[in-house]
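Here's the structure, in structure tokens; my notes come after.
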Amino acid sequence: MRNEIELLAPAGGKESLIAAIQNGANAVYLGGQSFSARASANNFSDEELAEAVLYAHFRDVRIYVTVNTLLDERELERAVDYIYYLDTIGVDGIIVQDLGLAKVIRENFPNLELHASTQMTINSLEGGKFLEKNGFKRIVLARETPLSEIKLMRDNLNLQIEAFAHGALCISYSGQCLMSSMIGGRSGNRGRCAQPCRKSYEIIKRDGEPLKDSRGYLISPKDLYTLENLEQLIDAGVDSIKIEGRMKRPEYVATVINSYRKGIDGLSIKGEEKLLKQAFNRGFTKGIMFNEFGKNLVDSTRPDNRGLKVGDVLETQYKNLMVEFFEDINEGDLLEFQTVTGRKTLNANKNYSKGKVNIQLPFKVTKGGEVRRIHNMSTLENARKTYETDNKKLQIEFKFTAHLGDYPKLKLLSDKYEVEVFGEKIVEESIKAPANFESIYKQLDKLGNTEFVLKNLEIDIDENIFMPVGILNSLRREAIEKLESIIRKSTLRESKKVNINKNPKSIEKTKIKFSVSLSEREQFEGIKIGNIDRFYLRFLDIGIYKSLLEKGKEVYYRSPKILFHKDYESLREKIKHVPMTGVVVDNLGGLVAFEDKKLIGDMGLNVFNSHGIDFLGDNNMEDIILSPELTFHQIAEIRRRTDATIETIGYGFLRVMTMKHCPFSLIKKCEYKRNCEVCNFKEGYVLRDEKNVDFKTKREDDLSIIYNSYPISIIEHLDKISESGIDYLLLDFTFEDNPQEIIDEFVKARNGKMSNLNEKLKEKWENITHGHYFRGVE
């Protein structure tokens, strides 16, 4: 394996930071109290961040700070002050999702490495080229990126490649999940995900009836485990092996980093999988990167930590039972038992030896049920021991010189630095006890409370010199203080405060223009094009495109959200032969793949502020469909600061998840050979959640799409659309048999006439939603 491979650890707090570094992390990523995609972690105050950077840099470990949430205009202004602070304390890199923030950092903070968060959904060579062109140093890959695409990136990009190797997975492509946001206003793009993927769902057939025995955790992925596949990852071109877990306890961080350090260093990993499972697991998968699918990716039986099986219940008599343990049990271990009503846990009240034992519990359990150990006190204690002592102090070397008639000299050397100090008194001859190696070493090795450890001592002294203890101690202290000062100064930076405030303009009320998006050719039949200004089509049909252009309409191909290099190559060839105005792109890779076309940015680009619009404008994209998580007020703030053409959704079922996984694969038992095109579950089936709310699904382009339970319809508030300065209102059709009926109602409402569309929609779809236009997101 390549020597320069970085092991990147998570830290949700100071103890986890120490655990990571003491167990061999080369770098640590962590978040502050604001703007972090793990807002529920403890995270670091500003003062703690400064301490963390110094602690890490003294041990030659890098610190990357996550500022990877979407930011509105006001928040971005505050975030820039925060970036200034991070620059001054010497942070090595910033992990970002927001395009506007990326632009500000690139233009104003040249010392900070810019890392593209996995929330940016970079999964292709084209996406990597876009980042390279725009000043990024590193890609944090989408977790679904195949090894073949990683190899292409390695061969064609001058970017560092970071890949998740262990820990919790998102089932949706990161940055493309709106499910938590639309259900309860807690946005995954803002660090507040409520994890609806970890809830149970039931499959509803086309006739509205539940599929028998289908209720389960159909979209809850197992945890990623690639310890045995590190060589393949590294050979593919991964530079940084990333461990997930900022929400996890320090002992977990210690255990996982220790195991992956062994793997990267080529040491034996025998027994490590068991330790990692005991640390935390929802079942293990190699992940989509290694082509895992169906039951190999998702276990529908439970969504939480399952620990390890350590025994079986042989007999039960009320609350007394006989258990056969396969391993010794420690007092305090958290054990899980199966009961008639579900799983229950309790801590072992004493040690139990391997074998058959009688136990009394405060609840009844199921005969024949398994016993699982969720927490092992022994392994937790062993993990804590790995970071209770500082074994990663900076190694230094002393060279001490003392000759009669000269001033004593102490030279201190480390891998990067060198300092030299001199004594104040000339060396004299000894009368009684001349100095020797042992006496000098004893004093110079007194580094206990410092950040350093003595690796080697060389001395060059005359045979009969007198060297007082006080002089040696003074030289040592002075040398250490000089080195500390050098390292601190090398960490701290001079930076400059940046004012990104624009001069907001007044908003001119707009006359709404309509863009219409169609998913299928059949939906085009019966469309009256007169009141429609733009067409976005998810299909290619030369006749339809040509007809629209001839009638003076703009027509764009609306490209898929997820494409790899070979897909872009194929698509570029196909659209060569189709006349069109341009392409609507839903992934940053599209700005490279279709750079010769007029481009419109789709919702998946997550544009949240005017600086993000400017960033895309620098890349020849002037028209943007804004994030559907913005309120009218936030949109108006954007409008006041940009002249670009902006668009928002007025009607349609939002795509709340885009995922490689197919929930129905757990029913069909399909894995690698899927035949999705002819699958009965391809369309028309529904996922019903625990509150009996239904989510429509589709399988297209080897991806599963989950749609919001109800359509957005903002027809009653077109005045707000106009007052917010929005240029185009998108009417997005997916499941509708007669789009024209809805178009007519919106045109009528725009012209000031009353519409009862929402009542009709409620009859058809049970309800409608205004999305986030009024409530916003956390």
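The values are calculated or read from the model by the stated rules, or taken from the named source; none is laboratory data. Predicted model only: the values in this text are computed from it and were never measured. Ideal geometry is used to build each Cβ from the backbone, glycine not excepted, and the neighbour counts take in all protein chains shown.
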Quiz item: When you look at Asn449, is it assigned to a helix (DSSP H, G or I) and without any contact (Cβ under 8 Å) to a residue 24 or more places away in the chain, yes or no?
Solution: no
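Just to check your reading of the model, which residue among Glu463, Glu481, Glu494 is charged (D, E, K, R), closer than 30 Å to Ala56 by Cα and at pLDDT below 95?
Exactly one of Glu463, Glu481, Glu494 is charged (D, E, K, R), closer than 30 Å to Ala56 by Cα and at pLDDT below 95, namely Glu494.
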Quiz prompt | Lone unmet requirement of (1) within 17 Å of Thr285 (Cα to Cα); (2) more than 14 Å from the chain's Cα centre (by Cα) for Ala165 | solution = (2)
Practice problem: Consider only pairs whose beta carbons are under 7 Å apart and that are at least six residues apart or on different chains; among these, list those whose first residue lies in the stretch 752-778 and is over 21 Å from Gly184 (Cα atoms) and whose second residue is in a loop (DSSP other than H, G, I, E, B). | Solution: Asn758/Ile768; Leu761/Pro711; Leu761/Ile768
Practice problem: Check Val67, Val28, Val104, Val96 and return the single one that is hydrophobic (A, V, I, L, M, F, W, C), in contact with a Pro (Cβ under 8 Å, 6 or more places away or on another chain) and within 30 Å of Cys177 (Cβ to Cβ). | Solution: Val28
Exercise. State whether one or more residues within the stretch 520-536 are touching a His at 6+ places or on another chain (Cβ under 7 Å) and either on the phi < 0 side of the Ramachandran plot or surrounded by 12 or more Cβ atoms within 10 Å (Cβ to Cβ) (or both).
Key: no
Quiz item: Where in the stretch 36-133 are there helices (runs of 4 or more DSSP H), lying wholly inside it, with at least 3 residues that are hydrophobic (A, V, I, L, M, F, W, C) and in the same structural domain as Gln634 (by TED's automatic domain parsing)?
Solution: none
Practice problem: Look through Ser627, Ser665 and report the one residue that is buried (at least 23 other Cβ atoms within 10 Å of the Cβ), in contact with a helix residue (DSSP H, G or I) (Cβ under 9 Å, 6 or more places away or on another chain) and modelled with pLDDT under 95. | Solution: Ser665
Quiz item: What are the pairs, 6+ residues apart or on separate chains, where a residue within the stretch 341-362 that is assigned by TED's automatic domain parsing to the domain that holds Met377 has its Cβ under 6 Å from a residue that is loosely packed, with under 13 Cβ neighbours inside 10 Å and at pLDDT 95 or above?
Solution: Ala348/Glu331; Lys350/Glu331; Asn351/Glu331
Practice problem: Could you tell me whether the stretch 681-695 includes any residue that is polar (S, T, N, Q), within 26 Å of the chain's Cα centre (by Cα) and either crowded, with 22+ Cβ neighbours inside 10 Å or within 20 Å of Asn767 (Cβ to Cβ) (or both)? | Solution: no
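How many residues, within the stretch 620-646, are of a type in the set (A, V, I, L, M) and out of contact with any strand residue (DSSP E or B) (no Cβ under 8 Å at 6 or more places or on another chain)?
Residues flagged as of a type in the set (A, V, I, L, M) and out of contact with any strand residue (DSSP E or B) (no Cβ under 8 Å at 6 or more places or on another chain) within the stretch 620-646 amount to 1.
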Quiz prompt | Filter result for Arg154 (surrounded by fewer than 24 Cβ atoms within 10 Å (Cβ to Cβ) and assigned to a loop (DSSP other than H, G, I, E, B)) | solution = no
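Does Lys442 meet the test of being surrounded by fewer than 14 Cβ atoms within 10 Å (Cβ to Cβ), among the charged types (D, E, K, R), within 27 Å of Gly24 (Cβ to Cβ) and not assigned by TED's automatic domain parsing to the domain that holds Thr339?
Answer is no for this residue.
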Self-check item: Any chance Leu211 is surrounded by fewer than 23 Cβ atoms within 10 Å (Cβ to Cβ) and touching a helix residue (DSSP H, G or I) at 6+ places or on another chain (Cβ under 6 Å)
Solution: no
Exercise. Test Ile396 against the stated conditions and say whether it is crowded, with 18+ Cβ neighbours inside 10 Å, out of contact with any helix residue (DSSP H, G or I) (no Cβ under 6 Å at 6 or more places or on another chain) and either touching a residue at least 60 places away in the same chain (Cβ under 8 Å) or farther than 28 Å from Ser490 by Cα (or both).
Key: yes
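So which residues in the stretch 737-760 are under 39 Å from the mean Cα position of the chain (by Cα) and either among the hydrophobic types (A, V, I, L, M, F, W, C) or part of a helix (DSSP H, G or I) (or both)?
Across the stretch 737-760, the qualifying residues are Pro739, Ile742, Ile743, Phe746, Asn758.
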Exercise. Go through the stretch 508-521 residue by residue and tally those that are over 22 Å from Ile600 (Cα atoms) and at pLDDT 95 or above.
Key: 0
Quiz item: Which of the residues belonging to the stretch 1-34 are farther than 18 Å from Lys248 by Cβ and among the charged types (D, E, K, R)?
Solution: Arg2, Glu4, Glu6
Self-check item: Which listed residue is touching a Phe, Trp or Tyr at 6+ places or on another chain (Cβ under 6 Å), modelled with pLDDT of 95 or more and among the acidic types (Asp, Glu), from Glu162, Glu126, Glu132
Solution: Glu126
Quiz item: If a residue has to be part of a strand (DSSP E or B), free of Cβ contacts under 8 Å to residues at least 60 places away in the same chain and surrounded by 24 or more Cβ atoms within 10 Å (Cβ to Cβ) to count, how many in the stretch 4-35 make the cut?
Solution: 1
Exercise. Kindly provide the set of residues from the stretch 120-143 that are among the charged types (D, E, K, R) and out of contact with any strand residue (DSSP E or B) (no Cβ under 6 Å at 6 or more places or on another chain), ordered by number.
Key: Glu126, Lys129, Glu132, Lys133
Practice problem: Any residue in the stretch 137-159 that's within 13 Å of Ile288 (Cβ to Cβ) and not assigned by TED's automatic domain parsing to the domain that holds His565: show its pairings with residues that are of a type in the set (Asp, Glu) and buried (at least 23 other Cβ atoms within 10 Å of the Cβ) at Cβ separation under 8 Å, as long as the two are six or more apart or on different chains. | Solution: Leu141/Glu162
Quiz item: Are any of the residues in the stretch 430-439 surrounded by 15 or more Cβ atoms within 10 Å (Cβ to Cβ), modelled with pLDDT of 95 or more, not hydrophobic (A, V, I, L, M, F, W, C) and not in a loop (DSSP other than H, G, I, E, B)?
Solution: no
Quiz item: Given Glu736, Glu766, which one is surrounded by 17 or more Cβ atoms within 10 Å (Cβ to Cβ) and within 16 Å of Ser709 (Cα to Cα)?
Solution: Glu736
Quiz item: In the set Arg384, Arg343, which member is surrounded by 12 or more Cβ atoms within 10 Å (Cβ to Cβ), in contact with a strand residue (DSSP E or B) (Cβ under 8 Å, 6 or more places away or on another chain) and on the phi < 0 side of the Ramachandran plot?
Solution: Arg343
Quiz item: How many residues does the stretch 531-561 hold that are assigned to a loop (DSSP other than H, G, I, E, B) and over 21 Å from Thr648 (Cα atoms)?
Solution: 5
Practice problem: Would you confirm whether any residue within the stretch 510-523 is assigned to a loop (DSSP other than H, G, I, E, B), within 24 Å of Asn609 (Cβ to Cβ) and out of contact with any strand residue (DSSP E or B) (no Cβ under 8 Å at 6 or more places or on another chain)? | Solution: yes
